[in-house]
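Okay, structure first, notes after.
The values are calculated or read from the model by the stated rules, or taken from the named source; none is laboratory data. Only a predicted model underlies this, so the values are computations on that prediction, with no experimental measurement involved. A quick note on method: Cβ atoms are made from the backbone with ideal geometry, for glycine too, and the neighbour counts reach across all protein chains shown.
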Ligand SMILES: Cc1cc2nc3c(=O)[nH]c(=O)nc-3n(C[C@H](O)[C@H](O)[C@H](O)COP(=O)(O)OP(=O)(O)OC[C@H]3O[C@@H](n4cnc5c(N)ncnc54)[C@H](O)[C@@H]3O)c2cc1C
Ligand SMILES: Cc1ncc(C[n+]2csc(CCOP(=O)(O)OP(=O)(O)O)c2C)c(N)n1
């Protein structure tokens, strides 16, 4: 047998190393991708995910630097550890991509999503909706005699939970922005 | 900075000149007429008029692969651009640097389903490394310079610049290449700590093997010469993928031959049984790995690759080194030499003894008897009669003949072997040979072809004749879609569904109809004479070499099998050679 002094299956100098490479566990990762805001750049990112069969749970994009024409794309994706590594490497080779950050592994981060909820109803249900909205720190951004439109900000789980409670109270429509996220370190991620 | 003002069309020619472009392969049409008008009025750049845009792209690929410089194409909007798609995909899969310029309808008509409008950047987004639609003449020259930079930097690949007709007519300021800044600069220097770790295992490995690939060719001449140094100094055995042939010379003493599905027995078994595998610029393609779970199960693997996405994509490696082959090998050799250039010589000697045992199987053995030419024999004779030519370039089409060419022809230099590996594009070889000959007017350029593939781009005979390019089309004519037929024999109960080449043209008359020379070789006795006649003719030649119709290409690792379950050559029972289940894979 060979004397080679490297443990099989380990990988030198890779954060990836810390996890089991053959794991079949599906992980959820939030990636921040800084790109040149040029025509077609979003199509490139989306085309990469669909062409290679990766998942997109949510995706948000907007220009963050109007003079440098940079946009930040926040993608929430799922896959095994190996697939997530491959997604990051594939994103990194798109020419207008400047940075790819895995906010899930690169230290603590904060994630927020904004959602609008239209809840229609009268009487007790209407009162109860308002009471719950207060608990969730949801703002009323519009109202009619028959309905409220609430604005909720928080983690995706919080928004899911709010939706869960509102369904029986006359929730008729939801619009969600998808996740945006920043790392909590002092420097730019 | 004052910029020279000129029209967009003039800018295109100016930018190509500044990029050192000598040849453009193209085909005109309405949306590129202003550029063609500029081409007409200058003498720096030669334009080769192909007969189909797919041909232009493959010709540019041949030009690029045989020179290391980017190949350039110019085609019109709509159908011109869509015809280029196969070539772009081919170049993407094989990491070939080419720049394709397409005409587009005027900006104010985009989106209106205008005449010959196609969403070219949309269609080609997944089959280019990057592409651009240029909406302002002021940005045109800068974009073209960027395109060249992206095509050749990092992992090379095809790029496309789509130029609307009004942008070609309008005036704008010309940006010189040296004034263009690009953020695109992939890492070329490898991590020294991992390089040190690789040196550790090079010093102690008992059964090492170097597995080199197209990345060595992409990296350039220096990479090949450093690879040779590494192999010669360590005495480690080396095998290569189809794409890497020639980086290490086939006449070198550590050469095992090609590996993979149709690779040599000794190369595949060395890969399977090694304890250290050093992958230099190859991408663990499925033609190499077979069943991934059983791929070289006991080895520590190092992988040198410039593209981080190639690493751990298919096979997990213990020693990933992201960087350019030449840069990494230079560092590796420096460290290894500084530490005394040690290897575990006694163990490596035993390893070689084992390899020699495998070699005795003589997996490429064939017997030429009777009046029908064995395709292998035809190639052995071709090799014998051309190997001493100092500038021999071989192109191929796709199929059995391609694999036989890889097995029986020897490549001692990089950039002498042009083949479609990743996409496997039938119709690649002939136009590619035109591109190679344009780049090397005094080269001996031979396209080893199957009759079916060759027909896919046969219209390029017109190009070869018009430009008096003495390309030799060496067709191994088995009157079958041979590779398909072989799979049907092995996997589909010999039901030869649609794998016969019916109604073939008379290739000799076909050559003559184009004003070229045609030669038919029908018997083994005429082979040498026919080949010599082909070589002696100063002009394009088609050789119709009639070969055994049902010959199979062996060795073969059936899809989804490990390296040590290889089907060897003669006397196999092909009806039972492949197990159930092998058929789902390609
Ligand atoms: C009918 C048929 C049968 C085939 N059978 C076989 C077979 O038996 N054996 C075989 O080998 N192939 C075979 N092929 C070809 C196969 O499909 C692949 O194309 C080939 O194996 C890939 O070669 P490669 O790994 O060298 O990678 P390439 O496609 O050449 O990729 C090069 C790799 O090097 C990297 N690279 C590029 N530039 C640099 C640089 N400067 N520095 C560092 N890295 C760089 C790239 O990122 C990439 O990972 C067959 C093809 C056909 C059509
Ligand atoms: C454009 C394209 N279509 C189909 C195929 C599938 N295919 C692979 S090899 C082959 C047969 C090639 O026949 P020929 O060129 O005569 O070569 P041979 O195998 O007989 O040497 C076919 C159809 C392909 N590779 N490319």
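The combined condition, being within 12 Å of ligand 2 (Cβ to nearest atom), away from chain A (no Cβ under 14 Å) and more than 30 Å from residue B:585 (Cβ to Cβ), is not fulfilled by residue B:535.
Checking each residue in the range B:454-479 for being within 16 Å of ligand 1 (Cβ to nearest atom) and closer than 26 Å to residue B:389 by Cα picks out B:454, B:476. Residues of the range B:485-504 that are free of Cβ contacts under 8 Å to residues at least 24 places away in the same chain and either more than 18 Å from residue B:451 (Cβ to Cβ) or under 27 Å from the mean Cα position of the chain (by Cα) (or both): B:487, B:488, B:495, B:497, B:499, B:500. Looking only at the range B:449-471, which residues are more than 9 Å from ligand 2 (Cβ to nearest atom) and either in a helix (DSSP H, G or I) or closer than 16 Å to residue B:420 by Cβ (or both)? Within the range B:449-471, B:457, B:458, B:459, B:460, B:461, B:462, B:463, B:464, B:465, B:466 qualify. Scanning the range B:15-35 for residues that are under 25 Å from residue B:150 (Cβ atoms) and surrounded by fewer than 22 Cβ atoms within 10 Å (Cβ to Cβ) gives B:17, B:18, B:19, B:20, B:21, B:22, B:23, B:34.
Yes/no matrix, rows are residues, columns are (1) surrounded by 21 or more Cβ atoms within 10 Å (Cβ to Cβ); (2) within 16 Å of ligand 1 (Cβ to nearest atom); (3) away from every other protein chain (no Cβ under 14 Å):
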residue: B:342; (1), (2), (3): no, no, no
residue: B:356; (1), (2), (3): no, no, yes
residue: B:360; (1), (2), (3): no, no, yes
residue: B:394; (1), (2), (3): yes, yes, yes
residue: B:405; (1), (2), (3): yes, yes, yes
residue: B:420; (1), (2), (3): yes, yes, yes
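Among the residues examined, residue B:527 qualifies as more than 14 Å from chain A (Cβ to nearest Cβ), more than 16 Å from ligand 2 (Cβ to nearest atom), in contact (Cβ under 8 Å) with a residue 60 or more places away in the chain and closer than 20 Å to residue B:382 by Cα.
Within the range A:130-147, the set of residues being over 27 Å from the mean Cα position of the chain (by Cα) and not in a loop (DSSP other than H, G, I, E, B) comprises A:130, A:131, A:143, A:147. Only residues that are over 16 Å from the mean Cα position of the chain (by Cα) and in a helix (DSSP H, G or I): list them for the range B:74-92, please. Of everything in the range B:74-92, those that are over 16 Å from the mean Cα position of the chain (by Cα) and in a helix (DSSP H, G or I) turn out to be B:79, B:80, B:81, B:82, B:83, B:85. Scanning the range B:304-327 for any residue that is over 23 Å from residue A:90 (Cα atoms) and more than 10 Å from ligand 1 (Cβ to nearest atom) turns up nothing. Listed here are the strands (runs of 3 or more DSSP E) enclosed by the range A:46-116 that have at least 1 residues being within 11 Å of chain B (Cβ to nearest Cβ) and touching a residue at least 40 places away in the same chain (Cβ under 8 Å): A:97-102. In the range B:93-205, counting only helices (runs of 4 or more DSSP H) that sit wholly within it, the ones holding 1 or more residues that are under 30 Å from residue B:419 (Cα atoms) and at pLDDT 95 or above span B:120-124, B:137-152. Residue B:306 meets the conditions (1) buried (at least 20 other Cβ atoms within 10 Å of the Cβ); (2) within 16 Å of ligand 2 (Cβ to nearest atom) in every case but one. The failed one is (2). Determine which single condition residue B:548 fails, assuming it passes every other condition in (1) buried (at least 17 other Cβ atoms within 10 Å of the Cβ); (2) away from ligand 2 (no atom under 16 Å from the Cβ). Only one criterion is unmet by residue B:548, namely (2).
Please enumerate the residues belonging to the range B:228-248 that are in contact with a helix residue (DSSP H, G or I) (Cβ under 9 Å, 6 or more places away or on another chain), within 22 Å of residue B:331 (Cα to Cα) and away from ligand 1 (no atom under 11 Å from the Cβ). Once the filter is applied, which keeps residues that are in contact with a helix residue (DSSP H, G or I) (Cβ under 9 Å, 6 or more places away or on another chain), within 22 Å of residue B:331 (Cα to Cα) and away from ligand 1 (no atom under 11 Å from the Cβ), the range B:228-248 yields B:229, B:230, B:233, B:234, B:235, B:236, B:237, B:238, B:248. Could you say whether any residue in the range B:280-294 is over 30 Å from residue A:87 (Cβ atoms) and either under 25 Å from the mean Cα position of the chain (by Cα) or within 14 Å of another protein chain (Cβ to nearest Cβ) (or both)? No, there is no match, as no residue in the range B:280-294 is over 30 Å from residue A:87 (Cβ atoms) and either under 25 Å from the mean Cα position of the chain (by Cα) or within 14 Å of another protein chain (Cβ to nearest Cβ) (or both).
Taking residue B:431, is it under 18 Å from residue B:90 (Cα atoms) and either away from ligand 1 (no atom under 16 Å from the Cβ) or assigned to a helix (DSSP H, G or I) (or both)? Spelling it out, residue B:431 is indeed under 18 Å from residue B:90 (Cα atoms) and either away from ligand 1 (no atom under 16 Å from the Cβ) or assigned to a helix (DSSP H, G or I) (or both).
Any residue in the range B:402-413 that is assigned to a loop (DSSP other than H, G, I, E, B), near ligand 2 (Cβ under 8 Å from one of its atoms) and at pLDDT 95 or above? So far as the range B:402-413 goes, no, none of its residues is assigned to a loop (DSSP other than H, G, I, E, B), near ligand 2 (Cβ under 8 Å from one of its atoms) and at pLDDT 95 or above. Please tell me if residue B:509 is away from ligand 2 (no atom under 16 Å from the Cβ), touching a strand residue (DSSP E or B) at 6+ places or on another chain (Cβ under 6 Å) and either more than 14 Å from every other protein chain (Cβ to nearest Cβ) or closer than 22 Å to residue B:556 by Cβ (or both). So residue B:509 does not fit the description; no.
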